[in-house]
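Undergrad: Can you keep this structure in mind? I'll have questions shortly.
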Amino acid sequence: MRARNMNKMGVGILTIMLVISCNTNQKANKENTAKKQPNIIYVLADDLGYGDITAFNKDSKISTPNIDKMAAEGMKFTDAHTSSAVCTPTRYGILTGRYNWRSRLKASVLGGKSKALIPNSRTTVASLLKKQGYATAYIGKWHLGWDWALKSHQDTLSEGWNPKDNIKEIDFSKPIKNGPKELGFEYSYGHSGSLDMAPYVYVENGMPTMIPTETTVNGGQGFWREGLTSDDFVHEDVTPNFFRKAISYVEEKAKEDKPFFLYLPLPSPHTPILPTEEFQGKSGLDNPYGDFVMLVDVYMGQLLEQLKKSGIEENTLVIFTSDNGCSPQANFEKLIEKGHNPSAHYRGHKADIFEAGHRVPFIVKWPNSVKAGTVNNQTICTTDFAATVASISNYKLSDDEAEDSFDLTPLLTQDFKGDAFREGTIHHSINGSFAIRKGDYKLIMCPGSGGWSFPRPNNKKVTDTLPKIQLYDLNKDPGEQNNLQDQLPEKVVELQELLTTQILNGRSTPGANQQNEGGPHWKQLWWIHN
């Protein structure tokens, strides 16, 4: 009997020891996982409006359950802004942490034949993460220019959008130069401009995958410009193709003992608005735009599901956002008839200096470090990505790196205790018009939209009758209807001085002043030169 009790006691002690050991190991594994550098995925939708995602606009008529779930499982930023209201400039800011207008591109966007915008000497998110031991990949729409090989050393390419303008001088049998590889991406696969800009050719690791043999063109909301097209480039399949490539990349890299960075800039729901057959009519809006947004949502869900399947969800930081507001090509009138407004309650749309031009949905999911279901109302900018990943990967930025980037990690971990995360955030429209946001107030340095909505810059009959500047209290007037510039002259002066300082100093972060490209005399800086 006594021996039996002793045996029971021994088994009990052994069980307790095993439980303690198991708990200790679990705790150690959790600590090791937390200390390990996270994988980083940045998904950039193209022309997706703030009001298109239900998590940001309860009145949205487009079903986005996967993106909504991501917001519920991570942090939703309600006051996030792109550095520009159009695509090329925003992409520049994301990868460099620098406002786009500090580069040679003072307005508008590049074309499919444009030369490289980012010099190889400039630090990018990819190059700094590569230095810190990350595998780096870009899959998607580039639209930052690269240097095509030409058939003759005497050939030159214009940077315009005209597909018939000497595009046949490109030698698609030779590799490109000054592209993603030179900026730190070990693997790259994508196309040069927007999905409506020729040439329509995939380039993988610097080499065109096929030589284009035919010229294609399409109209309506499925519009793309006439241009050379490769046999393996099917416009309707480009977005699904990029997601398939991205999912395969995640599956492959999850098996390696090395963190990875995946930059996934989508070409959708930008024109051509081409939902695949299974999504056509799904939104019930009698408009392919809603269907196209649903396609993005479903594939986004598949990408997030792959993280779970691969066992790396907990320590993978995923960002989902858009490069600017929704384009009028989505047919706002028809959508609003159905009760859906891609801009929600904000004024304007893509290209504009008004809020809907650059206020975008922004979600961060990172289970190891970001509490689920959190909402952050601080003003942030897409340029802030560079300083954030530098902080996460323990990379020390020098004065000439990421000059307009602020580290988001104190916001992500909810350790930020200050009133304002950024002193000021500068906005930029397609024609190069400036605005600056500080707190609730936004100062716009032009009389109209600076873009494509009314009143347009070229509508002189209207804009000449308006005040040269606009001032709005976005807390009381998020729709920017009540111009306060004549009522609050002190606020106008304060914001104009801050805008001028941050432009001319070549940076908006602390550090030594830097040089902007092109000198200080831009036509857009009219208030400085007057």
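Read-outs throughout are calculated quantities, based only on the coordinates presented, and are distinct from any laboratory measurement. Remember, it's a predicted structure, so these values are computed and weren't measured experimentally. For neighbour counting, all protein chains shown are included, and Cβ atoms are generated from backbone atoms with ideal geometry for every residue, glycine included.
Undergrad: Any idea what the dipole of segment 339-460 comes to, in debye rounded to 20, about its Cα centre with Lys/Arg Cβ at +1 and Asp/Glu Cβ at -1?
TA: 620 debye
Undergrad: Want the number for Asp257 to Glu494: 0.36 nm per residue separation, take away the alpha-carbon distance, what's left?
TA: Stretched out fully, the Asp257 to Glu494 stretch lengthens by 80.2 nm.
Undergrad: Hey, another quick one. Given charges of +1 on the Cβ of Lys and Arg and -1 on the Cβ of Asp and Glu, with all other atoms neutral, how large is the dipole of segment 389-530 about its Cα centre, in debye to the nearest 20?
TA: Using Cβ point charges on Lys, Arg, Asp and Glu, segment 389-530 gives about 560 debye.
Undergrad: A further question follows. Each residue of segment 326-333 in turn: what ³J(HN,Hα) in whole Hz from Karplus with 6.51, -1.76, 1.60 and θ = phi - 60°, glycine and Pro shown as x?
TA: Result, rounded to whole Hz: 5, 7, x, 4, 6, 6, 4, 4.
Undergrad: Any aspartates and glutamates with Cα under 19 Å of the Lys115 Cα? List them, leaving off those in the same chain fewer than 8 positions away.
TA: Asp147, Asp155, Glu159, Asp165, Glu169, Asp171, Glu182, Asp196, Glu204, Glu517
Undergrad: Just for segment 38-412, what percent of DSSP beta bridges are antiparallel, to the closest 5?
TA: 40 percent
Undergrad: Net charge around Leu488, counting only other residues with Cβ within less than 13 Å of its Cβ (Lys, Arg = +1; Asp, Glu = -1)?
TA: After counting each charged neighbour, the total is -2.
Undergrad: Please tell me the relative contact order of the chain in percent, rounded to the nearest whole number, where contacts are Cα pairs under 8 Å and at least six residues apart.
TA: Relative contact order of the chain: 21 percent.
Undergrad: Once phi is turned into θ = phi - 60°, what whole-Hz ³J(HN,Hα) does the Karplus curve with 6.51, -1.76 and 1.60 give for every residue of segment 347-363, x standing for Gly and Pro?
TA: 8, x, 6, 2, 5, 8, 7, 5, 3, 5, x, 9, 7, 9, x, 8, 10
Undergrad: Report, ordered by chain and residue number, the aspartates and glutamates lying within cross-link reach of Lys476, taken as a straight Cα distance under 13 Å and ignoring same-chain residues fewer than 8 apart.
TA: Candidates past the 8-residue exclusion: Asp440.
Undergrad: Something else now. Cα atoms only, the chain: Rg and Dmax in Å?
TA: 24.7, 105
Undergrad: In whole Å, how far is the Cα centre of segment 202-217 from that of segment 250-297?
TA: One Cα centre to the other: 21 Å.
Undergrad: Another one. What is the sum of charges around Phe406, taking Lys and Arg as +1, Asp and Glu as -1, for the other residues whose C-beta is under 13 Å from the C-beta of Phe406?
TA: -2
Undergrad: Rounded, prolate or oblate for segment 425-529? Axes are the square roots of the Cα gyration tensor eigenvalues, ordered a ≥ b ≥ c, and the cut-off for rounded is a/c under 1.5.
TA: Note, shape of segment 425-529 comes out oblate.
Undergrad: Quick one: putting +1 on the C-beta of Lys and Arg, -1 on the C-beta of Asp and Glu, what dipole do you get for the chain around its Cα centre, in Debye to the nearest 20?
TA: I would put it at about 1400 debye.
Undergrad: For Asp237, Asp400, Asp291, which order do you get if you count the other beta carbons within 10 Å of each Cβ and list the fewest first?
TA: Asp237, Asp400, Asp291
Undergrad: Cα convex hull of segment 349-412: how many Å³ per residue?
TA: In segment 349-412, the Cα hull volume divided by residue count equals 107 Å³.
Undergrad: Over 22 Å between Cα atoms: which of Lys130/Lys255; Lys141/Lys350; Lys177/Lys396; Lys245/Lys350; Lys141/Lys174 fall into that group?
TA: Lys177/Lys396; Lys245/Lys350
Undergrad: Within a Cβ distance under 14 Å of Val203, other residues only, what is the Lys/Arg minus Asp/Glu net charge?
TA: Taking every Cβ under 14 Å from that of Val203, the sum is +1.
Undergrad: Next question, about the same structure. Rounded to the nearest 500, what is the chain's calculated 222 nm mean residue ellipticity when only DSSP H runs of at least 4 contribute -39500 (n - 2.57) each, over all residues?
TA: After summing the helix terms and dividing by the residues of the chain, the value is -8000 deg cm²/dmol.
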